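Reading through the structure tokens given below for one structure.
The values are calculated or read from the model by the stated rules, or taken from the named source; none is laboratory data. Keep in mind that what you see is a predicted model, and the values were worked out from it rather than measured. Ideal geometry is used to build each Cβ from the backbone, glycine not excepted, and the neighbour counts take in all protein chains shown. Keep in mind that these areas ignore ligands, DNA and RNA; they rest on the heavy atoms of the full protein, side chains included. Shrake-Rupley method; radii C 1.70, N 1.55, O 1.52, S 1.80 Å.
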Amino acid sequence: MKRIFSIIIGCLLACQVSAAIFVLHDSDESSVRSLSFQLSKRLSVSETPMPVRQAFFLNNITRIESQDVVIAIGSKQFEQACLVMSRGAIIGLFIGQEEFQSLSASCTVAHSAVFSGAPLEKRLALLQAIWLDPKPLAVLFSDTLPLDQAYMQNVAQEYGFEFVFLQTKTDRISVLKSVNRLLEESELVFALVDSHLFQQGNAQDILKLLFHQQKVMVGSSFAFVRAGALFAIDSDADAKLTLLSDMVAHWQATGITPPAAYPSILRVSFNPYLVKAHGIVLPSQLFLKEQFGLCSDTEC
């Protein structure tokens, strides 16, 4: 079955006569096929998105045509596609805004992205409503992720906060040392979408350390909340795929990639244990919707 599937993809790359949609990944095959199927149901065109692994993609890169679009799953696949493609378009999925911005400057083909997480301003606005501790917010980030620290600090000040930044290597010992250093002056870690930092169990190790020190994290996805973060704002898969299908359609209709963006529907998820432990009073669902444009994870 796998061989037949590879032959079909090879034929699409070698013999295609119309625009093709490829889903570049290096993850579980079944989950990516499911995602591709869900995307195909939202597209008005007849082309079916075809999952391709990185090695196969690189071996057939010269067959990508100018009208094709590659959906890159994650920052690593987005970076790889940018490095090797000379035509066509790339749309990143499951990639953070800061990750996209750091890779975008060196990407020479048309590109865009559906951002994971939520805008910095929206996260800070909600935090302002529930978090009263005056200590700086700690931002730990990997040595592969350049940040515009001046911009982020200016935004934080608009909401009455201050960031303290620390860049770290991504091995476990370096990460935990860096977290301990940050926690000397902060009660809260403000997580970004940083694929290199939160890999190989680092996220769980950080959250365990925070728990033992009675400190908290604002997560970048719902998985962080389930693992022990205070809250996170993110979009679900349906919202991401809806925006992705719109971007693909726009590219196919105009030959121009739309600006990278967050999905229009964002949800917030709170950790009830930490909310109670830290005596936090949560906004009502109506207030969340009217003030922040958010719905709770149970009400969307």
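Taking the accessible area of the range 18-176, probe 1.4 Å, and keeping the other protein chains in place, the carbon and sulfur fraction comes to 50%. Of the options Ile71, Thr108, Ala253, report the single residue whose Cα projects farthest towards the positive end of the charge dipole of the chain (beta-carbon charges: Lys, Arg +1; Asp, Glu -1). It is Ile71, whose Cα lies furthest towards the positive end. In terms of its C-alpha gyration tensor, the range 98-173 has an oblate overall shape, because the principal axis ratio a/c (a ≥ b ≥ c, square roots of the eigenvalues) is not below 1.5 and a/b does not outweigh b/c. At a probe radius of 1.4 angstrom, the accessible area of the chain per residue rounds to 48 square angstrom. Phi angles across the range 153-167 convert, under the Karplus curve 6.51 cos²θ - 1.76 cosθ + 1.60 with θ = phi - 60°, into 3J(HN,Hα) values of 5, 5, 5, 4, 5, 5, 10, x, 10, 9, 9, 10, 9, 8, 8 Hz, Gly and Pro given as x. Normalised by the number of residues in the chain, the average gap of Cα pairs under 8 Å and 6 or more apart makes the relative contact order 16 percent.
If only the Cβ of Lys and Arg carry +1 and only the Cβ of Asp and Glu carry -1, the dipole of the chain around its Cα centre is close to 700 debye. Relative to the dominant Cα principal axis of the chain, helix 120-130 is inclined by about 30°. Which one of Ile206, Ser296, Pro263 is farthest out on the positive end of the charge dipole of the range 165-300, using unit charges on Cβ (Lys, Arg +1; Asp, Glu -1) and the Cα centre as origin? The Cα lying farthest towards the positive end belongs to Ile206. If a/c stays under 1.5 just call it rounded; otherwise compare a/b with b/c (prolate if a/b is bigger, oblate if not). Do that for the chain, with a ≥ b ≥ c from the square roots of the Cα gyration tensor eigenvalues. Prolate is the answer for the chain, as a/c is 1.5 or above and a/b outweighs b/c.
Prolate is the label for the range 246-292. Its Cα gyration tensor axes, ordered a ≥ b ≥ c, give a/c of at least 1.5 and a/b above b/c. For Ile91, the residues whose modelled amide H falls within less than 5 Å of its own, excluding neighbours fewer than 5 places apart on the same chain, are Val70, Ile71, Ala72, Ser112.
Summarising the strand pairing of the chain, around 10 percent of its internal DSSP beta bridges are antiparallel. What the phi angles of the range 82-89 give under the Karplus curve with 6.51, -1.76 and 1.60, with θ = phi - 60°, is a coupling list of 4, 5, 10, 7, 10, 7, x, 10 Hz, glycine and proline written as x. Only one residue of Met85, Phe57, Gln97 has its Cα farthest out toward the positive end of the dipole of the chain, where Lys and Arg carry +1 and Asp and Glu -1 on Cβ, and that residue is Phe57. 222 nm [θ] for the chain, helices only, -39500 (n - 2.57) per DSSP H run of 4+, per residue, to 500? So the calculated ellipticity at 222 nm is -13000 deg cm²/dmol. As a fraction of the 1.4 Å probe accessible area of the range 238-300, surface on carbon and sulfur atoms comes out at 57 percent. Near Asn60: Cβ cut-off under 14 Å, other residues only, Lys/Arg at +1 and Asp/Glu at -1. The net charge is +1. When only Cα pairs below 8 angstrom with a gap of at least 6 residues are kept, the range 41-149 shows a relative contact order of 20 percent.
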